[in-house]
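Asker: Below you'll find the structure I mean.
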Amino acid sequence: MSIAKVVISGTVYRTPEKRFTGNNIPVSSFALNIDDKEPSLIRVIARGNNAETVEQSVSKGDKLVVEGRLQTSVVQAEDGSEKKITEIDLSGFEVISSSASAQKPAEKKIVEFSDMEMTDTLIGEEEIPF
């Protein structure tokens, strides 16, 4: 298995599907089309809090920027052959445009990375020394 960090944008091809692991941890998966001319799909997997956020915030047709680990693994197909699967283990995402924007103009959904901690304190303009 190979792992690399990626940031990629595309259009949600299929509405996210949510399931639960044996330990009752939510897992959502969806396909992201990264080519506007023809389907070129990457599977995106969200776990835990990210899975809950994906289920509530993402739907088919949304344009997203996703960040995560690119994973390539080998699985055995039903016919016994081995297939390589490439997917993104989601760490965060932003909805650039929503498929529901025609119904709700001027609404933009922004989803913060669930695993980041805010350590910086915002300061006002009057506090900037220049």
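The values are calculated or read from the model by the stated rules, or taken from the named source; none is laboratory data. Computed from a prediction, not measured in an experiment: that's the story for all the values here. Reconstructed Cβ throughout: ideal geometry from the backbone, glycine too, with neighbour counts over all protein chains shown. Side chains are part of the model used for accessible areas, which takes the heavy atoms of the whole protein and leaves out ligands, DNA and RNA. Shrake-Rupley method; radii C 1.70, N 1.55, O 1.52, S 1.80 Å.
Asker: Give region 1-24 a look and list any residue that's open to solvent by less than 80 Å² (accessible area, probe 1.4 Å) and outside any loop (DSSP other than H, G, I, E, B), or say none.
Answerer: Listed by number, the residues that qualify are Ser2, Ala4, Val6, Ile8, Ser9, Gly10, Thr11, Val12, Lys18.
Asker: Go through (1) open to solvent by 100 Å² or more (accessible area, probe 1.4 Å); (2) modelled with pLDDT of 85 or more one by one and return the number of the condition Gln103 breaks.
Answerer: The single condition Gln103 does not satisfy is (2).
Asker: Also, quick follow-up: What number of residues within region 71-92 satisfy the criterion of being modelled with pLDDT of 90 or more and either among the hydrophobic types (A, V, I, L, M, F, W, C) or not in a loop (DSSP other than H, G, I, E, B) (or both)?
Answerer: Total satisfying the criteria: 7.
Asker: Here are some conditions: (1) open to solvent by less than 40 Å² (accessible area, probe 1.4 Å); (2) β-branched (Val, Ile, Thr); (3) within 22 Å of Ile96 (Cα to Cα); (4) free of Cβ contacts under 8 Å to residues at least 40 places away in the same chain. Val27 meets all but one. Which one does it not meet?
Answerer: (3)
Asker: When the residues of region 44-91 are narrowed to those that are in contact (Cβ under 8 Å) with a residue 24 or more places away in the chain, of a type in the set (S, T, N, Q) and open to solvent by 50 Å² or more (accessible area, probe 1.4 Å), which ends up farthest from Phe20 (Cα to Cα)?
Answerer: Among those residues, the one meeting the criterion is Thr86.
Asker: Looking at (1) among the aliphatic types (A, V, I, L, M); (2) open to solvent by 40 Å² or more (accessible area, probe 1.4 Å); (3) in contact with a helix residue (DSSP H, G or I) (Cβ under 8 Å, 6 or more places away or on another chain), which is the only condition Leu41 fails?
Answerer: Going through (1) among the aliphatic types (A, V, I, L, M); (2) open to solvent by 40 Å² or more (accessible area, probe 1.4 Å); (3) in contact with a helix residue (DSSP H, G or I) (Cβ under 8 Å, 6 or more places away or on another chain) one by one, Leu41 breaks only (3).
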